[in-house]
Amino acid sequence: MDNNRLQEALMMERKKRLEYEQKYMSVIDHNLDPIITVNRNGRIAYANTAVHKAFGYRLKELSGRAIIDLIGDDKVGDFKNFLSRSFSGESIEMEGILFFHKRGQYLSAYVKTIPVSVRGEIREIHLILRDTSYHNKNNERLLFLSYHDQLTGLWNRRAMKEHFNVDAEYAIRSDEKLSLIHLDLDRFNTINDSIGRNGADEILKRVADRIKVVCPKEGKLYRNGGDEYIILLQNHSIEKTEKLTQKILSDFTKPFYFNHQEYFLSSSIGISVYPDDGTSLEELLQKAEQAVRYVKERGRSHYRFYREEMNTSFTDAALMEAHLRRAIEFNELELHYQPQVNLQTGEIDSFEALLRWNNRKFGFVSPAEFIPLAEESGLIHSIGDWVLEIVCRQLKEWQDKQFRPVRIAVNISSKQFRTGAFAEKAKNVIGKHGIHPSSFEVEITETALMYMKDTLSTLQKLKEIGVTISVDDFGTGYSSLSYLKQYPIDIIKIDRSFIKDIELDEKNEAIAKTIINLAHSLGMQVIAEGVEKDLQAKILREADCHKAQGFLFSKAIPASEIVEKYFT
Ligand code: C2E
Ligand code: CA
Ligand code: CA
């Protein structure tokens, strides 16, 4: 090969190498991931532009520096190991190393190595880095979500579990106690019914905010789901805990606002104490809940510390529910009928159907006790259907026997009414038995009427079918009377509490008379409940009350006795 040709070949070779190097460098340089090249001494030989973006350094600031200087202290050992393994030819990766940003903070990074082998010898390695702190931020967000209630932003049950373990251990070590305060809103479903789910959610947030304000720094506030809140209060003393609960209860006397409307809420509070009432969170939650139930059964809007005696009533309720579940199947339910007496004529042409439950374990249970249980557990639907069926069957039987026409009133729980299908159901069962619709009466409590959405349309449907509609326990609901005019109501039933001392208490007498006059002026009938004394009947008769029912005339009795007494 002559000189010229040799020169040419070398030029070509150099050009090819240059081209190759440029290609190679541009792969590194334009790579979106930060890449740092480290030589065998652990010094930085090269850094691409992405390094500047991610970690703030330009090449000239890094060139020649020891890579170890940029790694977080506690990871240095691991990282050295990692480097030496790479120099032995392995392409490996490592997560969670802390890489020092120029501005001074450590960023969490993922690193992968590519050993650069030249003629079988590894002179350098490329470190391909990825800033994972962004993902960590996402993780933090996920972490936040998994420990907080989304609606209120309060801690959730999961957080409670973890905090409890720590707090309980601390309490033991420092010989202190811990109280678990369980707060449950009273009758929150009436709020749900009247302003809907979204409105109720808003109120739940406001409740959370209000409790947060008074929660002391030794207390942590959790949402336990639904309308329940829990406070874990460290360094418990009875006085301290009482002070807090009293503060919360008194705060609830102020209204909550939603859409410029005032809503009054109250809450019932039950408290259990660690370690006196239990050593596990489950046990403490359960006992605080028993205390809450105890408060609710005794008028609500109060607080109680858990006591041993509360235990029995709770087990009974759970057991009773289990028995109630099978009451229909076991033929344990029966309807009794209480006559309603015409005060002017003494005639009886209507009755109220009242449930009786005779259970093999509990004996006779009052509906005042088991109806709330049935409502809570949802059993009210099957029980309510059963009542409708039996009453219609009864009316049909009496109709077929050609007894004089009478009417039977059935108590309808707001839960049944609320399904929206109630009118349809009534229509079907009336149609099925072929009874006169007006001989069938539905009693709906005043409070239930007030708070129900779509009340008017259901009532109108019932009216179209032709059933009789009465308002039960009238006078105990505390809202405006304007709805009386709007709703197609036939009968008002004056609540027993106004009749009770009517002969002694002028106020009650005045209320009863006002209700009677109101009914007259609206063209409705009026029935007084719970009449026990002659004198009461006399006062009512003179006030022009149409009918009365009560022990003075008769308690509720089985159908067979009704037939005996009133139809033969
Ligand atoms: P309520 O609708 O106000 O029924 C009247 C209650 O007063 C009945 O109690 C009745 O036995 C009682 N009573 C009648 N006359 C007198 C009296 O002169 N003095 C006194 N002190 N009490 C009298 P009961 O049967 O224990 O029912 C209690 C409540 O249970 C009822 O109150 C009603 O709300 C509910 N209930 C009863 N049966 C049913 C039913 O079939 N379905 C639904 N949803 N609720 C029912
Ligand atoms: Ca009733
Ligand atoms: Ca009543």
Fill in the blank from the handout: When every residue in the stretch 533-564 that is closer than 23 Å to Gln399 by Cα and without any contact (Cβ under 8 Å) to a residue 12 or more places away in the chain is compared, the one surrounded by the fewest Cβ atoms within 10 Å (Cβ to Cβ) is Ser560
Practice task
Return yes or no: is Ala353 within 16 Å of ligand 3 (Cβ to nearest atom) and surrounded by fewer than 18 Cβ atoms within 10 Å (Cβ to Cβ)?
Solution key: no
Handout entry: Candidate set from the stretch 270-309 (those that are without any contact (Cβ under 8 Å) to a residue 60 or more places away in the chain and small (Gly, Ala, Ser)); member that is most open to solvent (accessible area, probe 1.4 Å)
Key = Gly299
Exercise for the section: For Trp155, work out the one condition from (1) in the same structural domain as Ile230 (by TED's automatic domain parsing); (2) open to solvent by less than 30 Å² (accessible area, probe 1.4 Å); (3) hydrophobic (A, V, I, L, M, F, W, C) it doesn't fulfil. Expected result: (2)
Handout entry: Residues (open to solvent by 20 Å² or more (accessible area, probe 1.4 Å), among the hydrophobic types (A, V, I, L, M, F, W, C) and either free of Cβ contacts under 8 Å to residues at least 12 places away in the same chain or not in a loop (DSSP other than H, G, I, E, B) (or both)) located in the stretch 402-428
Key = Ala421
Handout entry: Residues (out of contact with any Asp or Glu (no Cβ under 9 Å at 6 or more places or on another chain) and in contact (Cβ under 8 Å) with a residue 24 or more places away in the chain) located in the stretch 102-116
Key = Arg103, Tyr106
Completion exercise
Picked from the stretch 438-456 (must be in a helix (DSSP H, G or I), open to solvent by 50 Å² or more (accessible area, probe 1.4 Å) and more than 16 Å from ligand 3 (Cβ to nearest atom)), the residue modelled with the lowest pLDDT is Tyr451
Handout entry: Cross-chain or 6+ apart pairs with Cβ under 8 Å, the stretch 121-137 first and under 16 Å from Phe55 (Cα atoms), then at pLDDT below 90 and exposed (fewer than 14 other Cβ atoms within 10 Å of the Cβ)
Key = Thr132/Glu95; Thr132/Gly96
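Yes/no matrix, rows are residues, columns are (1) under 19 Å from the mean Cα position of the chain (by Cα); (2) within 14 Å of Leu204 (Cα to Cα); (3) crowded, with 18+ Cβ neighbours inside 10 Å:
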site	(1), (2), (3)
Leu221	yes, yes, yes
Thr241	no, no, yes
Leu244	no, no, yes
Leu249	no, no, no
Lys254	no, no, no
Ser268	yes, no, yes
Exercise for the section: Answer yes or no: is there a residue in the stretch 310-327 that is aromatic (Phe, Trp, Tyr), open to solvent by 20 Å² or more (accessible area, probe 1.4 Å) and more than 30 Å from Cys545 (Cα to Cα). Expected result: yes
Exercise for the section: Go through (1) more than 17 Å from Val111 (Cβ to Cβ); (2) in a helix (DSSP H, G or I); (3) assigned by TED's automatic domain parsing to the domain that holds Arg123 and name the single condition Asn41 misses. Expected result: (2)
Problem - Criterion (touching a Pro at 6+ places or on another chain (Cβ under 7 Å), surrounded by fewer than 21 Cβ atoms within 10 Å (Cβ to Cβ) and touching a residue at least 12 places away in the same chain (Cβ under 8 Å)) met by exactly one of Ala45, Ala54 - result: Ala54
Problem - So Ile231, is it over 16 Å from the mean Cα position of the chain (by Cα) and open to solvent by less than 40 Å² (accessible area, probe 1.4 Å) - result: yes
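I need the full set of residues from the stretch 22-37 which are part of a helix (DSSP H, G or I) and open to solvent by 100 Å² or more (accessible area, probe 1.4 Å), in order please.
Gln22, Lys23
Could you please find all residues in the stretch 266-275 being in a loop (DSSP other than H, G, I, E, B) and closer than 20 Å to Lys243 by Cα? Break it down stepwise before answering.
Residues of the stretch 266-275 that are in a loop (DSSP other than H, G, I, E, B), as a first pass: 266, 275.
The answer is Ser266, and nothing else.
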Problem - Restricting the stretch 66-116 to residues that are hydroxyl-bearing (Ser, Thr, Tyr) and within 16 Å of Arg43 (Cβ to Cβ), the residue that is surrounded by the fewest Cβ atoms within 10 Å (Cβ to Cβ) - result: Ser84
Completion exercise
Log entry, pairs with first residue in the stretch 377-401 being closer than 18 Å to Lys427 by Cβ, second being modelled with pLDDT under 95 and of a type outside the set (Val, Ile, Thr), beta carbons closer than 6 Å, six or more apart or on different chains, reads Gly384/Gln416
Exercise for the section: Might you check whether a residue that is in contact with a helix residue (DSSP H, G or I) (Cβ under 8 Å, 6 or more places away or on another chain) and exposed (fewer than 10 other Cβ atoms within 10 Å of the Cβ) occurs anywhere in the stretch 1-9? Expected result: yes
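Quick one: count up the residues across the stretch 520-552 that are closer than 18 Å to Glu443 by Cβ and within 12 Å of ligand 1 (Cβ to nearest atom).
Matching residues across the stretch 520-552 total 8.
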Practice task
Note down all Cβ pairs under 9 Å where the first residue falls in the stretch 488-514 and is hydroxyl-bearing (Ser, Thr, Tyr), the second is away from ligand 2 (no atom under 15 Å from the Cβ) and open to solvent by less than 30 Å² (accessible area, probe 1.4 Å), and they're at least six residues apart or on different chains.
Solution key: Ser497/Asn508
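Let's see how each residue does on (1) open to solvent by less than 40 Å² (accessible area, probe 1.4 Å); (2) closer than 19 Å to Glu443 by Cβ; (3) of a type in the set (D, E, K, R); (4) in contact with a His (Cβ under 6 Å, 6 or more places away or on another chain):
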{"residue": "Lys461", "(1), (2), (3), (4)": "no, yes, yes, no"}
{"residue": "Val471", "(1), (2), (3), (4)": "yes, yes, no, no"}
{"residue": "Ile491", "(1), (2), (3), (4)": "yes, yes, no, no"}
{"residue": "Ser497", "(1), (2), (3), (4)": "no, yes, no, no"}
{"residue": "Lys500", "(1), (2), (3), (4)": "no, no, yes, no"}
{"residue": "Asn508", "(1), (2), (3), (4)": "yes, no, no, no"}
{"residue": "Leu518", "(1), (2), (3), (4)": "no, yes, no, no"}
Completion exercise
Scanning the stretch 365-380 residue by residue, the ones that are assigned to a helix (DSSP H, G or I) and open to solvent by less than 40 Å² (accessible area, probe 1.4 Å) total 6
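Conditions tested, residue by residue: (1) of a type outside the set (Lys, Arg); (2) farther than 28 Å from Glu334 by Cβ; (3) not assigned by TED's automatic domain parsing to the domain that holds Arg404.
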| residue | (1), (2), (3) |
| --- | --- |
| Phe474 | yes, no, no |
| Lys485 | no, yes, no |
| Asp490 | yes, no, no |
| Lys507 | no, yes, no |
| Leu518 | yes, yes, no |
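The values are calculated or read from the model by the stated rules, or taken from the named source; none is laboratory data. Treat the numbers as computed from the prediction; the structure is a model and nothing was measured. Cβ: placed from backbone, ideal geometry, glycine included. Neighbour counts: every protein chain shown. The protein model used for the area step is the full one, side chains on, heavy atoms only, and it has no ligands, DNA or RNA in it. Shrake-Rupley method; radii C 1.70, N 1.55, O 1.52, S 1.80 Å.
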